[in-house]
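In what follows, a structure is listed as structure tokens, so that the remarks can point back to it.
The values are calculated or read from the model by the stated rules, or taken from the named source; none is laboratory data. Everything quoted here is computed from the prediction, not taken from an experiment. Methodologically, a virtual Cβ is constructed for each residue, glycine included, from the backbone with ideal geometry; neighbour enumeration extends over all protein chains shown. Surface areas here come from the heavy atoms of the whole protein model, side chains and all, with no ligands, DNA or RNA. Shrake-Rupley method; radii C 1.70, N 1.55, O 1.52, S 1.80 Å.
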Amino acid sequence: MSALGDILFNRNLGSGQVSLFTIDADGRNERLIHESWDGIGLSPDGHTLISPTVAPDRRLLPLVVQADGSGERILQIKDPTLQLGSGDWSPDGARLVFDAWDDTDVSRKGLYTMSRDGEDLVRLTKAGSRHDFPAYSGAYSPSGDRILFFRPAKAVDADGVSMNLFVVNADGTSTVQLSPAGTETILFGPSGASDWSPDGKQVAFVGSDGDFWKTDRHAVFTVAVDGSHLKRITPWGDILSVQWSPDGKTLALTMASSKRYQLFTVRPDGTDLLQITSFSDATLSFGPMWSPDGSRLLFIRGTGLRSAMDLWIVNADGTNPVQVTHSPTGYGGYAWVPG
């Protein structure tokens with residue numbers, strides 16, 4: 001099997017076509033993995049990819065591909081009518097969690113898990129008229145015993161709306177809402193508006209003062225997995241994403257500065273808020289993702305919101321920004337490949 005580069009990413013090629021590529025962190029050895037792809041879906045060992053696709057029976061089911069682009073197959077499940085949307089891997093790669101629904105029975109909407117071969121289907125949540133979406137950038141807790149997910153704050157069947165954040169045990173027991181009443185969040189991809197602490201004891205999330213899309217009063221909060229010890233750790237501002245560093249000592253976020261989004265870091269106790277990127281060249285920066293060793297941040301940067309962006313890397317202290325791709329367009333998903 002050909003080794004992946006340091007980074008996987010989706011690129012919008014126009015006319016609705018989104019393709020998956022791999023590239024080295026220095027911008028060399030760009031390679032097409034699959035011509036039609038949604039999300040990233042890389043297994044923890046870096047060997048297998050999943051993406052929603054339309055199956056021959058017209059249902060949405062996971063397409064499974066090896067990391068070198070070979071071995072393409074649709075993951076079959078014994079349930080004849082269930083459809084599977086966005087998904088994520090458990091830390092050991094043994095199970096998958098999906099947003100699922102059934103067009104013949106609307107009461108079946110919710111989160112479901114299964115083994116990586118499509119067996120042992122387990123329902124975790126009941127979403128009612130809405131959908132439950134696994135959190136971007138790591139739905140499973142580091143130990144695999146809990147799952148973070150989003151549910152629309154209002155009874156609407158959509159993903160681009162204000163959300164509430166929940167955690168549920170991996171066996172479907174004990175669902176807890178982590179975003180308190182009056183504090184909503186969003187399903188922001190690809191870096192995510194929530195993240196687990198490396199020890200699995202806390203969750204960081206971006207919360208708003210009211211409806212998320214009707215206010216710029218957003219902040220980063222931390223909360224214990226049982227919903228206690230909620231703490232706002234940043235000032236109110238226009239914030240979109242947050243991600244915890246591998247060592248647990250720092251959070252990276254997307255926040256507006258002088259009305260232009262840039263990257264910032266902050267300590268989990270709210271100290272040392274530091275701006276990492278600048279807007280001196282009239283560019284925007286979004287969605288920082290930590291490298292596996294925590295030394296660098298991968299993000300998108302450009303002159304237009306998602307439509308004229310490229311991938312960049314910068315050191316965690318803001319030094320040595322490096323442009324990785326040179327094809328300004330939309331980058332709907334990107335991730336570091338496990339080291």
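Observations, loosely collected:
- Calculation over all alpha carbon pairs of region 155-278 in 10 angstrom steps from 0 returns a P(r) of 14, 47, 32, 7, 0 percent.
- Mean Cβ neighbour count within 10 Å, used as a protection proxy, ranking 232-238, 206-212 highest first: 206-212, 232-238
- Two-decimal log10 I(q)/I(0) for region 24-111, as the Debye equation yields it once each C-alpha is a single scatterer, q = 0.12, 0.16, 0.18, 0.23 Å⁻¹: -0.41, -0.68, -0.83, -1.20
- Accessible-area composition of the chain, carbon plus sulfur, in percent [1.4 Å probe]: 49
- Diffusion of the chain by Stokes-Einstein, at 10 °C in a medium of 1.306 mPa s and with Rh set to the Kirkwood radius over alpha-carbon pairs, works out to 79 µm²/s.
- Electrostatic bookkeeping for residue 135 treats Lys and Arg as +1 and Asp and Glu as -1; over the other residues with beta carbon under 12 Å from its beta carbon, the sum is -2.
- For the chain: accessible area per residue (Å², 1.4 Å): 41
- Each other residue within a Cβ distance under 15 Å of residue 17 adds +1 if Lys or Arg and -1 if Asp or Glu, for a net charge of -1.
- Most to least accessible of 146, 73 (protein chains only, probe 1.4 Å): 73, 146
- Charge tally in the Cβ shell below 12 Å around residue 208, where Lys, Arg are +1 and Asp, Glu are -1, residue 208 excluded: -2
- Relative contact order of the chain, taken over Cα pairs closer than 8 Å and 6 or more residues apart, is 11 percent.
- Computed with the Debye formula from one identical point scatterer per Cα of region 220-302, without solvent, the log10 of I(q)/I(0) at q = 0.13 Å⁻¹ comes to -0.40.
- If you wrap the tightest convex hull around every Cα atom of region 114-187 and split its volume per residue, you get 107 Å³.
- Semi-axis lengths (Å, descending) of the ellipsoid that matches the C-alpha gyration tensor of region 74-125: 18, 12, 9
- Set 126/231; 78/201; 126/201 screened for pairs whose C-alpha atoms are more than 27 Å apart: 126/231; 78/201
- Packing rank of 77-88, 183-194, where each peptide gets the mean count of other beta carbons within 10 Å, highest leading: 183-194, 77-88
- Taking all protein chains together, 201, 109, 259 sort by accessible area into 259, 201, 109, largest first [probe 1.4 Å].
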